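See below for the structure under consideration.
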Amino acid sequence: MTTTSSRSGAGAFHEWPLVVFTTLAVIGAGLLATPLVAWFAAGATAPAAGAVRLGVLLLAAGLAVSTAHLGRPFRAPLAAAGVGRSRLSAEIVVAGTALALGIVEALLPQASPVLGLTTAAAALALLVTLGLVYALPGQQTWRGAVVWMPLTSGLAFATVAFGATSSGPLVATGMAAVGILAADAALLAARRMSLVRLTTPSALRYPSFFARRDLVLLSRLALVDILPAGCMLAGLPAVAAGLLGLGILLDRVAFYGFASQHTTEAELLQVEEFIAS
């Protein structure tokens, strides 16, 4: 990761590689989790084959983009050496495992239920690690309900993607998506309360962004929860997937945009030192 943000001003947004990576990772992991949705909806993983192939491409692209935020990109694999001690290492290992399983599944001539469900489990684990990796002591804007929002948005994308790419039971899939999106909306409400009650003593890293907090959160609620749920109930899963993809992008921008200065800079230094060691 680069630590140039402290030198070039607090107002400049330097997290775009991480925004792109986590957006592609959430959507890619959601697509890799579609065999689980297919199993519950159709009793087989085969209808999710197309979604899995796309998920492999998106997750691979996201991992490639993530190296742009590293001071020494070619040493990125060393970060996996800290598994068991570092949440960042756990994220890298789980992401690599999910990608490897997805590649094998995508290359098989016929869908394997066991491999499909194993890939889905690895994808769900990735969604969990994406939320937990930044849950740092003292970093109040990255703790609490927000750590579970990659999981709910990724699961929701898995459901709407299955509805858009298969001829399965659309009504049941739509109801499942609405339930997941309702849970995500509840987490968002808890997220807003944590931001309202923020007591971090240092100056916010992006004060102008934080000043528009309610507008950002309302836009996120519309794009991730309300509009996709309405589209699923109206039988428009492809539109729901497109809106949800945009909402996940906004969610990741908001995640980094609500960051606080001192803990973010400290974490950048810790990760840079760990990778260099």
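The values are calculated or read from the model by the stated rules, or taken from the named source; none is laboratory data. Keep in mind the model is a prediction, meaning the values are calculated, not measured. Positions of Cβ are generated from backbone atoms using ideal geometry, with glycine treated the same way; all protein chains shown enter the neighbour counts. SASA here: full protein model, heavy atoms, side chains in, ligands and nucleic acids out. Shrake-Rupley method; radii C 1.70, N 1.55, O 1.52, S 1.80 Å.
Answer yes or no as to whether VAL104 is modelled with pLDDT of 90 or more and either among the charged types (D, E, K, R) or farther than 23 Å from GLU15 by Cβ (or both).
For VAL104, the condition - modelled with pLDDT of 90 or more and either among the charged types (D, E, K, R) or farther than 23 Å from GLU15 by Cβ (or both) - is met.
Looking only at segment 118-168, filter to residues that are outside any helix (DSSP H, G or I) and among the hydrophobic types (A, V, I, L, M, F, W, C); which one of those is farthest from ALA98 (Cα to Cα)?
Looking only at segment 118-168, we keep the residues that are outside any helix (DSSP H, G or I), and these are 133-139, 143, 166-168.
With among the hydrophobic types (A, V, I, L, M, F, W, C) added as a condition, the list becomes 133, 135-136.
Numbers: VAL133: 17, ALA135: 22, LEU136: 25 Å.
The residue in question is LEU136.
Please find, among GLY131, GLY116, GLY102, the residue that is surrounded by 20 or more Cβ atoms within 10 Å (Cβ to Cβ) and over 18 Å from the mean Cα position of the chain (by Cα). Please lay out each step first, then the result.
Numbers: GLY131 fails: over 18 Å from the mean Cα position of the chain (by Cα); GLY102 fails: over 18 Å from the mean Cα position of the chain (by Cα).
That would be GLY116, the only listed residue that is surrounded by 20 or more Cβ atoms within 10 Å (Cβ to Cβ) and over 18 Å from the mean Cα position of the chain (by Cα).
Looking at (1) among the aliphatic types (A, V, I, L, M); (2) at pLDDT 90 or above; (3) open to solvent by 50 Å² or more (accessible area, probe 1.4 Å); (4) over 26 Å from GLU91 (Cβ atoms), which one does ALA211 not meet, given that it meets all the others?
The single condition ALA211 does not satisfy is (2).
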